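Take a look at the structure set out below.
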Amino acid sequence: MTSQLLSLPIDSFRDDADLAVFASLDEAVATLRPDEPVQVLYPDELRANARAFLTQFPGQTLYAVKVNPDRRVLQYLYNAGVRHFDVASEGEVELVHSMFPNARLSFMHPIKSRRAIASAFRMGVRDFVIDSESEIIKVIEETNAASRINLFVRIALPKGSAAYDLSGKFGAEHDEAVTLLRQARRVSHKLGLCFHVGSQCLNPVSYREAIEKARAIVAEAGVTLDILDIGGGFPVAYPDMVPPPFEDYMAEIRQAVADNGFAATELWCEPGRGLAGTGGKVIVKVEHRRGDKLYLNDGTYGSLFDAGQGFGWRYPARLIRPDAEISATDVPQPSPLMKPFSFFGPTCDNIDFMKGPFYLPEDVQEGDWIEIGQLGAYGFAMRTGFNGFKADTTVAVRPEPIFPVEVPKAARPIRIQDKLVARRAVRAAHK
Ligand SMILES: *Cc1c(COP(=O)(O)O)cnc(C)c1O
């Protein structure tokens, strides 16, 4: 076991060097007593999610950068082995390219500005998604008809079993997709087909249905497909949505790939939520209580967009009160009665409202903190500066043990400067 510690890349010790690291979220609240929302990252969780995809998905895993472009998130995922990124804008290309010059970036947005195509190409991007003939022309023109461009035809899917429907905006319908595959084949080095089943997809069979559709389109086009990209959509659990296990998705995808003649085709997936969702929480503060409404310092223009008007998703919420009286006797206290609450965000806009219900102890009050979970994806990434509210504090929580290794307690490698100490201790322990 101990050899694992010694073989960890040096980066593992450095990836959150600029973050305050706490043993628990409660410790972070007690120490910081934050007046502004705080993003809390869980590196171990991000690492575990990455390892799950990298070891169980039968192909390449691309991280969909939009769901959380925080540099630390990118670094944690990179350190866990993710080397391929789904980018969708010039800004995302620049960010990831500047951090990982050797990583592969794939531009998976079907409608790109000419400038974005040209600048991505200059930064080494060779994979581009298209869903129209005019976009093929744009890509060819802006890359000087370079050889070794890989085009991916995005196909449209009907509304499926995703909680967050993504049909209707992008994707070519059957007949157009057939034409595009033939056109793209002539100019592509490698030819791909991609789709997105919708975000937070609650039924693994949706992937099978999309793969069947892909087969029908490819067969009619009569082209050889090099890469099948099954997109994102992998779910995480929320209070109202408990998805089937990750393994069920992997099993369904493997089987559908085999059943539809894609066994020899290179496979890609582009998880966003599935990689980052469980890897982050946000700490918010209660500024005011009016009945069952809590006025928070974060809302739908901040990290709680999906809890607001459009989707009204419920997120796990937990009260944090660092000054709570600790009973002098060791008598266990009865657990407080939980009641449903709705939230208002800090802006002056009426629609900055999150219906919930969020269950919290009945005595929740001004000055309390609340942790809101499952916000590693589509959380901090979506906050705006509307009305002067824009949080920018991030911390990490690395619960002990930091590594699953049997190192003498005194030598736990928390910081890079402790690494040598840890090494010496490990060696000493082995003598
Ligand atoms: C948003 C997006 C993803 C990630 O979707 P999740 O549902 O978060 O996994 C992947 N690919 C594309 C093209 C996207 O737009």
### Query
So which strands (runs of 3 or more DSSP E) are wholly in the stretch 56-136 and hold at least 3 residues that are of a type outside the set (Val, Ile, Thr)?
84-87, 104-107
## Note on the structure
Selection from the stretch 211-270 of residues more than 23 Å from Asn150 (Cα to Cα) and aromatic (Phe, Trp, Tyr) yields Phe234, Tyr238, Phe246, Tyr249
### Query
Which numbered condition trips up Lys112, out of (1) free of Cβ contacts under 8 Å to residues at least 40 places away in the same chain; (2) surrounded by fewer than 16 Cβ atoms within 10 Å (Cβ to Cβ); (3) among the basic types (Lys, Arg)?
(2)
### Summary
Taking the stretch 216-235 and keeping only residues that are surrounded by fewer than 19 Cβ atoms within 10 Å (Cβ to Cβ) and of a type in the set (D, E, K, R), one is left with Glu220, Asp226
#### Entry: Matching residues, the stretch 156-170, being within 10 Å of the ligand (Cβ to nearest atom) and small (Gly, Ala, Ser)
Ala162, Ala163
### Message
Checking the condition within 25 Å of the chain's Cα centre (by Cα), closer than 30 Å to Ser134 by Cβ and either away from the ligand (no atom under 16 Å from the Cβ) or assigned to a helix (DSSP H, G or I) (or both), which residue from Ala210, Ala177 passes?
### Response
Ala210
### Query
In this structure, is Leu157 within 13 Å of Ala214 (Cβ to Cβ) and either open to solvent by 10 Å² or more (accessible area, probe 1.4 Å) or among the acidic types (Asp, Glu) (or both)?
yes
### Query
Within the stretch 72-108, which residues are more than 16 Å from Leu41 (Cα to Cα), of a type in the set (S, T, N, Q) and surrounded by 18 or more Cβ atoms within 10 Å (Cβ to Cβ)?
Ser106
## Note on the structure
Of the conditions (1) outside the structural domain of Gln374 (by TED's automatic domain parsing); (2) open to solvent by less than 50 Å² (accessible area, probe 1.4 Å); (3) out of contact with any Leu (no Cβ under 7 Å at 6 or more places or on another chain); (4) among the small types (Gly, Ala, Ser), the single one that Ala28 does not satisfy is (1)
### Query
If a residue has to be among the β-branched types (Val, Ile, Thr) and either surrounded by fewer than 19 Cβ atoms within 10 Å (Cβ to Cβ) or touching a Lys or Arg at 6+ places or on another chain (Cβ under 7 Å) (or both) to count, how many in the stretch 36-71 make the cut?
3
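The values are calculated or read from the model by the stated rules, or taken from the named source; none is laboratory data. Quick caveat: nothing in here was measured; it's all calculated off a predicted structure. Counting neighbours? That spans all protein chains shown, and the Cβs are built from the backbone with ideal geometry, glycine included. Remember, those area values only see protein heavy atoms, side chains included, never the ligands or the DNA or RNA. Shrake-Rupley method; radii C 1.70, N 1.55, O 1.52, S 1.80 Å.
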